[in-house]
Amino acid sequence: MSSALEATIQRRRLLIQGIVQGVGFRPFVYGLALRLKLVGFVFNDSQGVTIEVEGPGALLAAFQQALREQLPPLARVDSITAETLPLCHEISFTIAPSRQGAEQQALISPDTSICADCLNELFDPTNRRYHYPFINCTNCGPRFTIVYDVPYDRAKTTMAAFPMCVECQAEYNDPGNRRFHAQPNACPTCGPQISWLSWTSTAVSSSASTTNSAAPSTAYSTAQDSTAASSSAIMGSSALAVAALRLVDGAILALKGLGGYHLACDALNVQAVQRLRQRKHREAKPFALMVLDLETAQQLCQVSAAEAQALLAHRRPIVLLSQRSADLVAPGVAPASTTLGLMLPYTPLHYLLLHSFAQLVGPGRPAALVMTSGNLSDEPIAYQDADAHQRLRSIADGMLTHNREIYMRCDDSVLRIAGGAEQFLRRSRGYAPEPLALDLPLPLLACGGHLKNTFCLGKGQRAFLSHHIGDLENLETLTSFRAGIEHFQRLFAISPAAIAYDLHPEYLATKYALASPVTRKIGVQHHHAHIASVLAEHGLSGPVIGVAADGTGFGTDGHVWGCEILRADLVSFTRLAHLAYLPLPGGEQAVRQPWRMAATYLAQAYPDSLLELPIPFVQQLDRSRWRILQQMIARGLNSPLTSSLGRLFDAVAALLNVRSETLYEGQAAIELEALARQAWREPAADSLPAPYPFAIGTQTPALLDVKPLIRALVAAIQQGQPAAEIALRFHLTIAELLAQACLHARQQTGLNVVALSGGVFQNRLLLETLKERLHTLTFQIYTNQRVPPNDGGLSLGQLAIAAAQIRSG
């Protein structure tokens, strides 16, 4: 080495933080150092990845640049901290054992779908992992659902129960191999195994899922149909062959996935789908489907380039798509819906089962399986084997399971493309626990809301939004909520110094917060949290004009809010306008029975002549039930005042005889949007029908008065106008009402930035129409894109508000 080059030799210690464990980052560093002829070492620790590297300064600069720009597919670098060290004069670069540090800051990768390399090996008859349902490498496979502590090493995952064979260990130890330090690495000789369970067999033992054996656990029955032997060549496994044959025969299967059990059946089999609905007690809410490939998805639905990209992404969410024809799948899959929720396979087991099923049904029909959460309605998804055996036995005809334990349940994510961007309806598998950037003055916990619950823990610059917990309606879901918080606290070493919660006193998440030993408690108004969730994910602090529209949120005046125009920043908000109050007769019963809201809106618009209106809704109205509601409203009995836009959509759905009683949350509004889309054409701006009339008051906060809208809508019904055209015009009217409210807010505040959030904006027709109108009015618009606009995003907003309030004192 020349003396000039010798003079440039430096040694640096680099701390890399981000998603850098379990994603092939160390072998990437190792290979990079070898190419640049640098020496030193790399290891995992509790903070991330530490590198000590030595060589010429110019090459060290190139090394650091490559650490940011040439990452493995699943890696994400958030920060690189560098310091200069004395030279050590090593002669090589090595990968050192992991070290446990004092403070945990390492991140865990979300679970990811099987990669292209592993998929090729899965169907390569010459590969030793041919048809092995647990094939994976550093670029794919389970992560979050199998890990219980950091650093992310095999001993701290549920794969610890499966010691690697000689060949797998050699791969694991070889820095040049794709499976170097792939913690779930396994093969048919040493890894987990699948098994078919007949419900007539002996019960599953509670320890079955951790059995360490190359053969299926003896706790599972391997009873097979007489056809299994002749079909085994299709799958290379009798268990898979039985499962595929049973699906073709119309059976319902419980199938163990990455984050829990699914319930599966043939999506084209009318009787099987109907049996699943009856047994699961899910009367109307659409089922998700899993299809083998993009071509099958395109047979069933219209798929744009952006939607195809979402389907094929390694995160593998369920994507909501417009159906090509309602006749292509069983009518019970998505009753009264124009969309289907489709996902592609994301585990090797899914691919093997779908391939076998497709071969059995032949090329003349789409190979599509219903793939819905393994639970009864309102329960959390089953993920432990003994629990699944007990809870799903009354639903499924058999179980295709395996003996790799799931440590943390995690339901599928759901999104759609709306307004030109991704919009989450549920953010869970494939995304959690990947953090969002948020500056936090101290460790915080936000407990979220009651429906579609998520919690959010954060410290430093990171906010960890949880996987989907669900509606906190029962003990099982509350237990899952508590267990999830404890797991995140341990995984990310967060001990909250303050806790944020929704103001509604009866929410179980609020009661959890108030009972917490954390002494600093911060109540956050529901709709303020919705707007803050938009600000937080876009890195904004405000102020903005916030439009928060949903079904229910506890207001600071004790009423039920739900259509709020706010001046909001991350510290506080001012209510500028809201939908005029109306009684909610029967409270929650009015949510389940939209006819109550329809009658109440009519009574407000026609106080003296409601029962004389010559429209079908009034003619069919049960007078005795309405008299009871009138008395409740007059006496103020269980009839809180509400400004909910969600309840207005319910009312119009009932007035148009779309839906008078609901079977799941949001059903009336979903079906009203589907009706409106029947009349929708891609219009020129001047071809849109004029909105119905409305009024905006001059008081503070201003009242958005829809009595003129209701009267005009009734007149349209009386004139016999098509219901689809009335529904479309109603959507356009609400978009114009909100746009005009934003104009009034701009005149008051001088603000030109609008943030839209709340469950009502899951209505794609409304969202896209409103955004287009706001663009013409030159507003700058922000919406939720990384968290759901529904209550699944509340906890992020709560966390952001709590942090800002603490910082502001």
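Taking only the alpha-carbon atoms of region 308-383, what semi-axes of the equivalent ellipsoid follow from 5 times the gyration tensor eigenvalues under a square root, in whole Å, largest first? List each step's numbers first, then the result.
Working: eigenvalues 75, 71, 45 Å².
Value: 19, 19, 15 Å, ordered largest first.
Restricting attention to the alpha-carbon atoms of region 522-580, what are Rg (one decimal) and Dmax (integer), both in Å?
10.7, 32
Using θ = phi - 60° and the Karplus relation 6.51 cos²θ - 1.76 cosθ + 1.60, list the HN-Hα couplings for region 695-700 in order, rounded to whole Hz, with x at every Gly or Pro.
Whole-Hz 3J(HN,Hα) from phi for region 695-700: 9, 10, x, 9, 6, 10.
If you build the convex hull over the alpha carbons only and average its shadow over all orientations, what do you get for region 408-489? Give it in nm² to one decimal.
Details: hull surface 23.6 nm².
Averaged projected hull area, Cα only: 5.9 nm².
Angle, helix 667-678 long axis vs. longest principal axis of the chain, Cα atoms, 0 to 90°, nearest 10?
So the helix axis and the longest Cα principal axis differ by about 80 degrees.
Which value results for Rg/Rh of region 264-354 when Rg is the Cα radius of gyration and Rh the Kirkwood radius based on the inverse mean 1/r?
On the way: Rg = 12.9 Å, Rh = 13.5 Å.
Expressed as Rg/Rh, it is 0.96.
Around Ile522, which amide H atoms from residues at least 5 apart in sequence, or from another chain, sit under 5 Å from its own amide H, with H modelled in the peptide plane?
Under 5 Å from the amide H of Ile522: Ile499, Ala500, Tyr501.
Can I get the semi-axes of region 44-104's equivalent ellipsoid? Compute them from the C-alpha gyration tensor as square roots of 5 times the eigenvalues, in angstrom, largest first. Can you show the working numbers first?
Values: eigenvalues 79, 62, 27 Å².
That gives 20, 18, 12 Å for the three semi-axes.
If we sort 50-62, 335-347 on the protection proxy, mean other Cβ atoms within 10 Å, highest first, what's the order? Can you show the working numbers first?
Values: 50-62: 18.8, 335-347: 21.3.
Order by mean packing, descending: 335-347, 50-62.
Over 54 Å apart: what share of the alpha carbon pairs of the chain falls there, rounded to a whole percent?
Counting every Cα pair in the chain, those more than 54 Å apart make up 15 percent.
Remind me, what semi-axes does region 481-527 give for its equivalent ellipsoid, largest first in whole Å, using sqrt of 5 times each Cα gyration tensor eigenvalue? Mind showing how you got there, number by number?
Working: eigenvalues 78, 28, 18 Å².
Equivalent ellipsoid semi-axes, largest first: 20, 12, 10 Å.
On a full-extension model of 0.36 nm per residue, what is the gain between Gln721 and His775, subtracting their alpha-carbon distance, rounded to one decimal in nm?
Length gained between Gln721 and His775: 16.4 nm.
If we sort 242-251, 725-734 on the protection proxy, mean other Cβ atoms within 10 Å, highest first, what's the order? Before the final figure, lay out each step's value.
On the way: 242-251: 21.4, 725-734: 23.7.
Per-residue mean Cβ counts within 10 Å order the peptides as 725-734, 242-251.
Over every pair of different alpha-carbon atoms in region 564-695, take the mean of 1/r and invert it; report that Kirkwood radius in Å. Could you put the intermediate results ahead of the total?
Numbers: mean 1/r = 0.0607 Å⁻¹.
Taking every pair of different Cα atoms in region 564-695, averaging 1/r and inverting gives 16.5 Å.
Sort the following peptides by mean Cβ neighbour count (other Cβ atoms within 10 Å, averaged over residues), highest first: 786-793, 521-528. Walk me through the numbers before you get to the answer.
Details: 786-793: 26.5, 521-528: 23.2.
Order by mean packing, descending: 786-793, 521-528.
Where does the chain land at 222 nm, in deg cm²/dmol rounded to the nearest 500, when only DSSP H runs of n ≥ 4 count, each adding -39500 (n - 2.57), divided by all residues? Before the final figure, lay out the partial values.
Details: 25 runs with 274 residues, N = 809.
Only helices count here, giving -10000 deg cm²/dmol.
Determine one quarter of the surface area of the Cα convex hull of region 680-761, which equals its mean projected area, and express it in nm² to one decimal. Walk me through the numbers before you get to the answer.
On the way: hull surface 27.5 nm².
Value for region 680-761: 6.9 nm².
In the chain, which Cys residues have no partner Cys with a Cβ closer than 4.7 Å?
Flagged as lacking a Cys partner: Cys88, Cys118, Cys137, Cys168, Cys187, Cys265, Cys301, Cys410, Cys447, Cys456, Cys563, Cys742.
When the Cα centres of region 630-706 and region 266-325 are compared, how far apart do they sit, in Å?
Taking the Cα centre of each part, region 630-706 and region 266-325 sit 29 Å apart.
Please list, in order along region 754-763, the HN-Hα scalar couplings obtained from phi with the Karplus expression 6.51 cos²θ - 1.76 cosθ + 1.60 (θ = phi - 60°), rounded to whole Hz, x for Gly and Pro.
10, 10, 10, 7, x, x, 4, 7, 6, 6
With a sphere of radius 14 Å drawn around the Cβ of Ser480, what net charge do the other residues whose Cβ falls strictly inside it have (Lys, Arg +1; Asp, Glu -1)? Spell out each step's value before the answer.
Details: positive: Arg391, Arg409, Lys452, Arg482; negative: Asp378, Glu379, Asp387, Asp411, Asp471, Glu473, Glu476, Glu486.
Charge balance near Ser480 sits at -4.
Relative to the longest principal Cα axis of the chain, at what angle does helix 526-537 sit, 0 to 90 degrees, rounded to 10?
Rounded to the nearest ten degrees, it is 40.
With each label point set 7 Å from Cα along the Cα-Cβ vector, what nm distance links Glu90 and Ser541?
Here the modelled spin labels are 4.2 nm apart.
Stokes-Einstein at 37 °C, 0.692 mPa s, Kirkwood radius from Cα pairs: D for region 284-410 in µm² s⁻¹? Mind showing how you got there, number by number?
Working: Rh = 15.9 Å.
Answer from the Stokes-Einstein relation: 207 µm²/s.
So what are the three principal axis dimensions of region 639-787 from its Cα atoms, in whole Å, longest to shortest?
The principal-axis extents, from largest down, are 43, 42, 34 Å.
We did not get these values from a lab; they are worked out from the coordinates using the rules stated. If you're wondering where the values come from, they're calculated on a predicted model, not measured in any experiment. When we count neighbours, we look across all protein chains shown, and the Cβ atoms used for this are built from the backbone with ideal geometry, even at glycine.
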